[in-house]
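Undergrad: Quick one: structure below, then a few questions.
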Amino acid sequence: RTYIFTFLLSSRVFIHPHELLAKVGQICIKQKQQLETGAEAEKAKLKSFAAKIIQLLKEWTETFPYDFQDEKSMKELKEIAHRITQCDEENGTVKKIISQMTQNLLMALSARSQYQEIREKFRQPVADKGTILKNKPQSTQKDILSVCCDPLVLAQQLTHIELERVSNIYPEDLMQIVSHMDSLDNHKCRGDVTKTYNLEAYDNWFNCLSMLVATEICRVVKKKQRTRMVEFFIDVARECFNIGNFNSMMAIISGMNLSPVARLKKTWSKVKTAKFDVLEHHMDPSSNFCNYRTALQGAAQRSQTANSNREKIVIPVFNLFIKDIYFLHKIHTNRLPNGQINFKKFWEISRQIHDFMTWKQVECPFEKDKKIQSYLLTAPIYSEEALFIASFESEGPENHMEKDSWKTLR
């Protein structure tokens, strides 16, 4: 299964899926002609061949249903299925397996096209997080603490959102990182590949969460409450870490490290920073995020042996995950000096993507709170400019550079 997954995933860098399917179809015709002499030994070989083709098609339609969305591929699939049924006509199970496989494929395709329709409606240029305001909302607007004051509950709701977003990312979306780059020297493979919108939407969510954190902190007028808000988000990030939700944790830390928040010296002097230091340590970028990778490895091992969904959760820092695939692709060539495909490279890329696919299938064990989720997804967030204005209003400019930028902003 691992081999089939690797092969089908990486083949699209070199050949369009429907062309590959056509080649499988040609092999079926050839094998059938060779083995149709009627001898018992040949019949057994034919049945064994049919079983292997069925396994391939089953894996293919389950893992990459999107490869069959065009009529060409669907027609080819039906023809292969028809030939395979003829190879083992007395066996009713073959027919049953093939019809079940086709039914599952059609269901998967219809679910994806429904999601795509919903997605198209939301494809406005506004960040998918509610309007990004140039100006600051009124201070009467409620803040996150009035919606949820328990860090664990907020971390659980963030995990819900993460898993929902991740469920719409498919292995071929991730493989586009590789195909995208090859499109320059091999345009035919790019043909009609779907846009990387799923990846962009997920990346967008990370940025919006960072900006929301910064907005919630900067717009608090009183220092004492601002300190409480910073400490609250530190606790939320810590709970995310404990759950295995590294993406939300990183987004929260990024939000607190944005200049308008980081410059609030008087606020930070009141914050108990020991917990924050621990988080920063986990996300320290030195040695290629060595500490984070160790923590991720620990979460992945916990997930493998876990009995409950609660312990199975692993949500990696998505942009680091993408970078890893990108660099694996950049560092190693697609072909070996002798012209053969560098299968070892694709094996490694597909192993990482396979892990991601395993993690994204975990069902979220926490109860969904619509009110909190609605706030997280739709609360107005400040633009960078508005963040600086709010920050300077809370704690005045401290040096010439800050004074100049405050003047410009006003």
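The values are calculated or read from the model by the stated rules, or taken from the named source; none is laboratory data. Predicted model, so just to flag it, every value in this text is computed and none were measured. Cβ sites come from the backbone with ideal geometry, for glycine too, and all protein chains shown count toward neighbours. Calculation scope for accessible area: heavy atoms of the full protein, side chains included, ligands and nucleic acids excluded. Shrake-Rupley method; radii C 1.70, N 1.55, O 1.52, S 1.80 Å.
Undergrad: Could you please put D150, D235 in sequence from largest to smallest accessible area, using a 1.4 Å probe?
TA: The ordering from most to least exposed comes out as D150, D235.
Undergrad: Another question about this same structure. Top mean-square fluctuation among Q103, Q176, Q340, Gaussian network model of the chain, C-alpha springs under 10 Å?
TA: Ranking Q103, Q176, Q340 by mean-square fluctuation puts Q340 first.
Undergrad: Which Cα, out of Q26, F356, V278, lies furthest along the positive dipole direction of the chain (beta carbon charges, K/R +1, D/E -1)?
TA: Final value for the positive-end residue is V278.
Undergrad: Could you give the nm distance between label points at I341 and K403, where each point is 7 Å from its Cα heading toward the beta carbon?
TA: 6.5 nm
Undergrad: Write out the GluC sites (Glu not before Pro) in region 1-97 meeting two conditions: DSSP loop, and at most 15 other Cβ atoms within 10 Å of their Cβ.
TA: E36, E89, E90
Undergrad: Sticking with this structure for a sec: Using a cut-off of under 17 Å, list every residue of region 344-385 whose amide N is near the label point 7 Å from the Cα of Y3 along the Cα-to-beta-carbon line.
TA: 344-348, 350-351
Undergrad: Would you work out which of V178, H329, T408 lies farthest towards the positive end of the dipole of the chain? Charges go on Cβ: Lys and Arg +1, Asp and Glu -1.
TA: My answer, from the dipole projection, is T408.
Undergrad: Output the 0 to 90 degree angle, nearest 10, between the alpha-carbon long axis of helix 151-166 and the longest principal axis computed from the alpha carbons of the chain.
TA: Roughly 40 degrees, rounded to the nearest 10.
Undergrad: Can you give the charge dipole size of region 3-118 about its Cα centre, rounded to the nearest 20 debye, using +1 on the beta carbon of Lys and Arg and -1 on the beta carbon of Asp and Glu?
TA: Dipole of region 3-118, to the nearest 20 debye: 160 debye.
Undergrad: Working from Cα positions, state the angle (0 to 90°, nearest 10) between the long axis of helix 171-182 and the longest principal axis of the chain.
TA: Roughly 90 degrees, rounded to the nearest 10.
Undergrad: Suppose every K and R has +1 on its Cβ and every D and E has -1 on its Cβ; what is the size of the dipole of the chain about the Cα centre, in Debye to the nearest 20?
TA: With only Lys, Arg, Asp and Glu charged at Cβ, the dipole is about 580 debye.
Undergrad: Heavy atoms only, probe 1.4 angstrom, no DNA, RNA or ligands counted: give me I97, I349 ranked by accessible area, highest first.
TA: I97, I349
Undergrad: Give the angle, between 0 and 90 degrees and rounded to the nearest 10, that separates the Cα long axis of helix 2-11 from the longest principal axis of the Cα atoms of the chain.
TA: Taking Cα atoms only, the helix is inclined about 80 degrees.
Undergrad: Working with all protein chains in place, sort T408, T159, T102, T358 by solvent-accessible area computed with a 1.4 Å probe, largest first.
TA: T408, T358, T102, T159
Undergrad: Mind checking which aspartates and glutamates have their Cα closer than 13 Å to the Cα of K403? Skip sequence neighbours fewer than 8 apart in that chain.
TA: Within the straight-line cut-off, K403 pairs with E393, E395.
Undergrad: Per DSSP H run of n ≥ 4, the term is -39500 (n - 2.57); total these for the chain, divide by its residue number, and report the mean residue ellipticity at 222 nm rounded to 500 deg cm²/dmol.
TA: About -23000 deg cm²/dmol.
Undergrad: Under unit Cβ charges (Lys, Arg +1; Asp, Glu -1), what dipole magnitude, rounded to 20 debye, does region 275-353 have relative to its Cα centre?
TA: 340 debye
Undergrad: Reachable lysines from K224, Cα under 18 Å, same-chain residues fewer than 8 places away excluded?
TA: Cross-link targets: K142, K265, K266, K270, K272.
Undergrad: Along the Cα→Cβ direction, 7 angstrom out, place labels at E36 and A262. What is the inter-label distance in nm?
TA: Here the modelled spin labels are 7.1 nm apart.
Undergrad: Could you compute how much accessible surface D324 exposes when probed at 1.4 Å, giving the result in Å² to the nearest 10?
TA: D324 has an accessible surface of roughly 40 Å² with all protein chains in place.
Undergrad: Suppose R0 equals 35 Å; then what is the FRET efficiency for L56 and V278 from their Cβ-Cβ distance, rounded to the nearest 0.05?
TA: In this case the efficiency is close to 0.15.
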